[in-house]
Amino acid sequence: MKLREVAGLSGLMDKAPFNWLDCRAGYESAHCRFLSGRDAARHLGDMTAADDDRVGIFLPDVYASEFFYQEERGNYISTMAYMRMINDLQSVEIESYDLLFACFVVLHEYGHWLHFRRCRKSGLDYVLWLDKHLAPVERQRMVLDMIPDAEPLKEELVVEHINAYNAMPQEFSANKYALKRVGRLYRLVLAHCGREASAG
């Protein structure tokens with residue numbers, strides 16, 4: 001099942017601007033954009049999306065299995081942290097991790113968009129506010145990336161980083177929204193696929 005189908009089953013596609021990333025030229029992670037490309041270039045000097053004025057939720061137009069594989073490969077720490085949070089609420093067979101993760105991310109990204117709308121800030125003000133919270137956590141992540149995996153303290157530092165990241169207001173809000181609804185969407189997705197949810 002593609003992420004596009006998961007989003008369709010969520011009932012959220014008419015509540016937020018969903019954009020689909022063509023990953024044939026290279027994979028792009030799920031994210032939200034609160035500022036048009038033109039505004040990002042003008043105010044922040046970010047030329048990466050200068051020609052793209054779309055805002056909203058951006059999801060790769062791939063199958064859930066490919067999405068889970070790419071996220072696990074590129075964002076292993078975050079992916080496993082999310083799966084641990086989800087597993088605390090929803091028992092699932094490992095064969096269905098991709099579908100459950102896809103459900104969570106669709107809801108999580110919508111949770112980000114909802115948080116933005118509820119804050120009643122302009123796109124620029126919201127992005128600047130996000131950067132203020134994100135900067136120290138990103139510095140922590142850069143330090144973590146330099147520490148070898150064999151370092152005995154790395155696991156403890158990773159847990160500390162995950163906790164700091166998830167405590168940021170925008171992440172806390174998005175996680176809360178997604179975790180409250182992921183079980184229901186997961187059951188809808190499984191029913192759509194003709195499968196049953198595992199007991200739990």
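Can you confirm whether residue 138 is within 19 Å of residue 81 (Cα to Cα), among the acidic types (Asp, Glu) and surrounded by fewer than 16 Cβ atoms within 10 Å (Cβ to Cβ)? So residue 138 fits the description; yes. Scanning the range 2-54 for residues that are more than 23 Å from residue 174 (Cβ to Cβ), surrounded by 13 or more Cβ atoms within 10 Å (Cβ to Cβ) and either basic (Lys, Arg) or touching a Lys or Arg at 6+ places or on another chain (Cβ under 8 Å) (or both) yields a count of 4.
Can you tell which of 125, 131 is surrounded by fewer than 19 Cβ atoms within 10 Å (Cβ to Cβ), closer than 30 Å to residue 149 by Cβ, modelled with pLDDT under 95 and among the acidic types (Asp, Glu)? Spell out how you get there, then give the answer.
Details: 125 fails: closer than 30 Å to residue 149 by Cβ.
Every option except 131 fails the conditions.
Among the residues of the range 1-55, those identified as of a type in the set (Lys, Arg), touching a strand residue (DSSP E or B) at 6+ places or on another chain (Cβ under 8 Å) and not in a loop (DSSP other than H, G, I, E, B) are 2, 4, 33. Residues in the range 145-159 that are without any contact (Cβ under 8 Å) to a residue 60 or more places away in the chain and in a helix (DSSP H, G or I): 145, 146, 154, 155, 156, 157, 159.
Given the residues 93, 28, which is the only one that is modelled with pLDDT under 95 and under 14 Å from the mean Cα position of the chain (by Cα)? Unique residue meeting the criteria: 28.
Please find, among 180, 176, the residue that is in contact (Cβ under 8 Å) with a residue 60 or more places away in the chain, more than 24 Å from residue 62 (Cβ to Cβ), in a helix (DSSP H, G or I) and basic (Lys, Arg).
Details: 180 fails: in contact (Cβ under 8 Å) with a residue 60 or more places away in the chain.
The unique qualifying residue is 176.
The values are calculated or read from the model by the stated rules, or taken from the named source; none is laboratory data. These numbers were taken from a predicted model, which means no experiment stands behind them. Counting neighbours? That spans all protein chains shown, and the Cβs are built from the backbone with ideal geometry, glycine included.
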